[in-house]
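In what follows, a structure is listed as structure tokens, so that the remarks can point back to it.
Throughout, read-outs are computed from the coordinates displayed, never taken from laboratory work. Bear in mind the structure is a predicted one, so any value in this text is a computation, not a measurement. FYI the Cβ positions are ideal-geometry reconstructions off the backbone, even for glycines, and counts take in every protein chain you see.
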Amino acid sequence: MKLRIKFTKSGVMVFIGHLDMMRYFQKAMRRAEIDIAYSQGFNPHQIMSFALPLGVGVYSDGEYLDIEANSITSSEDMCRRLNEVMVEGVTVESVKLLPEQAKNAMSLVAAADYIITFREGHAPEGFSMEQFLKFCSQESIVVTKQTKKNTREIDLKSYMYEVKASEEGIYMMIGAGSANNIKPDLIFNAYAEHSGIAMDEFALMVKRLDLYADLAPEEQHKFVSLESLGEDFYE
């Protein structure tokens, strides 16, 4: 059976990297006595995959991992058992049962939304919310993006689905996933360069709100949270 687990990450845990989070959840599964399935072969490992690695220092209200389980109890029970072994800064929000043929979360991620604020005392001199939103409303924002293998030019505007001011800060929904992964700091750095202002490397405080799949044909977009693709289950 395929399960999707949604969890939050806050406090000191935002400084724990992705590989350590994987190891942490592997241990948590054993402590919570989750009947997780293991791969076959000489080096069996838990069948587990994360939706999208979270950068160090980034807070999140919506992280996901998929697992396969040999047996299950109920959404409520498994959520409770996992939270009983979680450390401060990680909270399991839900455990959902996925359809048998469901794709894993990693392959589905198409977008993510964020709230961005400036750390106290790190707001760049000359920053203007009005000018930032005006910059984001341009028809095209071409930047050079560094990848693991090379650099390439991309039009950020193609992956900026919504940017607006909110009571909490700047809200943005942008492209995410293996194909079109855009990070908020790339947009802010493009604005800083465009406006001629200097921005501290650690100026941004970023919180990821959720991760989304896109159920519509290309360029139309129908974003739904990864959590909504599963269902609660009962004993």
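Which pairs, out of 145/222; 6/183; 183/222; 6/149, put more than 24 Å between their alpha-carbon atoms? Please report the intermediate quantities before stating the final value.
On the way: 145/222 26 Å; 6/183 21 Å; 183/222 21 Å; 6/149 32 Å.
Violating the 24 Å limit, Cα to Cα: 145/222; 6/149.
What spacing in nm lies between the two simple spin-label points modelled at residue 71 and residue 18, each 7 Å away from Cα in the Cβ direction?
Distance between the two pseudo-spin positions: 3.5 nm.
In degrees between 0 and 90, to the nearest 10, how far off the longest principal axis of the chain does helix 75-85 point, with axes built from Cα atoms?
The answer is roughly 80 degrees.
Using DSSP to call loops (not H, G, I, E or B), can you name the trypsin sites (Lys or Arg not before Pro) in the stretch 90-169 whose Cβ has at most 14 other Cβ atoms within 10 angstrom? Provide the component values of the computation, followed by the final result.
On the way: sites: 96, 103, 119, 134, 145, 148, 149, 152, 157, 164; in loops: 103, 119, 148, 149.
Passing both the DSSP loop test and the Cβ count: 103, 119, 148, 149.
Simple spin-label model, 7 Å along Cα-to-Cβ: residue 144 to residue 33 in nm?
5.8 nm
With a cut-off of at most 15 other beta carbons within 10 Å, and DSSP calling the residue loop, which GluC sites (Glu not before Pro) in the stretch 1-83 qualify? Please list them.
33
Measure out, as a whole number of angstrom, how far apart the alpha-carbon centroids of the stretch 193-235 and the stretch 90-146 sit.
Rounded to whole Å, the Cα centres lie 5 Å apart.
As an exercise, identify the GluC sites (Glu not before Pro) in the stretch 77-120 lying in DSSP coil whose Cβ has no more than 13 other Cβ atoms within 10 Å.
Within the stretch 77-120, the qualifying GluC sites (Glu not before Pro) (loop, at most 13 other Cβ atoms within 10 Å) are 88, 100, 120.
Count charges around residue 89 for me, please; just the other residues with Cβ under 13 Å from its Cβ, Lys/Arg as +1, Asp/Glu as -1. Before the final figure, lay out each step's value.
Working: positive: 9; negative: 20, 61, 63, 88.
Charge balance near residue 89 sits at -3.
Against the globular-protein guess of 2.2 N^0.38 Å, express the Cα radius of gyration of the stretch 2-106 as a ratio, rounded to two decimals. Intermediate values should be presented prior to the final figure.
Working: Rg = 13.2 Å, N = 105, 2.2 N^0.38 = 12.9 Å.
Compared with the compact-globule rule of thumb, the stretch 2-106 sits at 1.03.
In 10 Å bins starting at 0, how do the alpha-carbon pair distances of the chain split up by percent?
The calculated distribution, bin by bin, is 7, 29, 33, 20, 9, 2.
Rounded to two decimals, what is the ratio between the C-alpha radius of gyration of the stretch 99-168 and 2.2 N^0.38 Å?
1.50
Among residues other than residue 143 whose Cβ falls under 14 Å from its Cβ, what is the net charge (Lys/Arg +1, Asp/Glu -1)?
Working: positive: 145, 152, 157, 183; negative: 153, 155, 185, 193.
The answer is 0.
With each pseudo-label sitting 7 Å past Cα toward Cβ, what's the residue 43-residue 117 distance in nm, one decimal?
With each label point 7 Å from Cα toward Cβ, the separation is 4.4 nm.
Beyond 15 Å, how much of the Cα-Cα pair distribution for the stretch 125-235 remains, as a whole percent?
70 percent
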